[in-house]
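The values are calculated or read from the model by the stated rules, or taken from the named source; none is laboratory data. In this text, all values refer to a predicted model and were calculated from it rather than measured experimentally. Here the Cβ positions follow ideal geometry from the backbone for every residue, glycine too, while neighbour counts run over all protein chains shown.
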Amino acid sequence: MQKFILDRWTPQLLSLLRIVAGFCFLWHGSAKLLHYPAGMEGIQLMSLMGLAGVLELAGGVLVCVGLFTKPVAFILSGEMAFAYFMAHAPHGWLPAMNGGDAAVLYCFVFLFISSAGPGPVALDAMMKKR
């Protein structure tokens, strides 16, 4: 069976996927909690949106650096499934039409990362070597 040219880079690309997904995700929580870069006003910390902000900011940072990656990614996958069915699905079943594209993609990217692990470039991998 012939190998694809990027096959040897699969572990590093897994780390890159994790880093980019975590980095992009944390800004959703930052907007909710810190009102940066674009603030979402009126979100109370002790509300569903406040909880989502905490999960997105803290979880995004942890996924980005690769610390406690598998359980955190699993929790974030569940959060995105919940968000999709709470906020998007009531407006139609098709993600392209109900604005739920990002929630679906984050859900399945985090589900994959929770199964595949963080890849070699992660704090989890560094701690495992000790």
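Only one entry in A122, A73, A89 is under 10 Å from the mean Cα position of the chain (by Cα) and at pLDDT 95 or above, namely A73.
Is it the case that some residue within segment 57-69 is among the hydrophobic types (A, V, I, L, M, F, W, C), out of contact with any Lys or Arg (no Cβ under 8 Å at 6 or more places or on another chain) and surrounded by fewer than 14 Cβ atoms within 10 Å (Cβ to Cβ)?
no
A count restricted to segment 51-78 and to residues that are aromatic (F, W, Y) and part of a helix (DSSP H, G or I) stands at 1.
The set of residues in segment 73-106 being over 23 Å from I43 (Cα atoms) and surrounded by 20 or more Cβ atoms within 10 Å (Cβ to Cβ) consists of A73 alone. Going through segment 51-81 one residue at a time, which ones are small (G, A, S) and closer than 18 Å to G100 by Cβ? Within segment 51-81, A52, S77, G78, A81 meet the criteria. Name the residues in segment 79-114 that are small (G, A, S), assigned to a helix (DSSP H, G or I) and without any contact (Cβ under 8 Å) to a residue 12 or more places away in the chain, would you? Across segment 79-114, the qualifying residues are A89, A96, A102. In the set (1) modelled with pLDDT under 95; (2) under 17 Å from R18 (Cβ atoms), G59 fails one condition alone, (1). Of all the listed residues (V54, V63), the sole one being under 20 Å from S30 (Cβ atoms), in contact (Cβ under 8 Å) with a residue 24 or more places away in the chain, touching a Gly at 6+ places or on another chain (Cβ under 6 Å) and of a type in the set (V, I, T) is V63.
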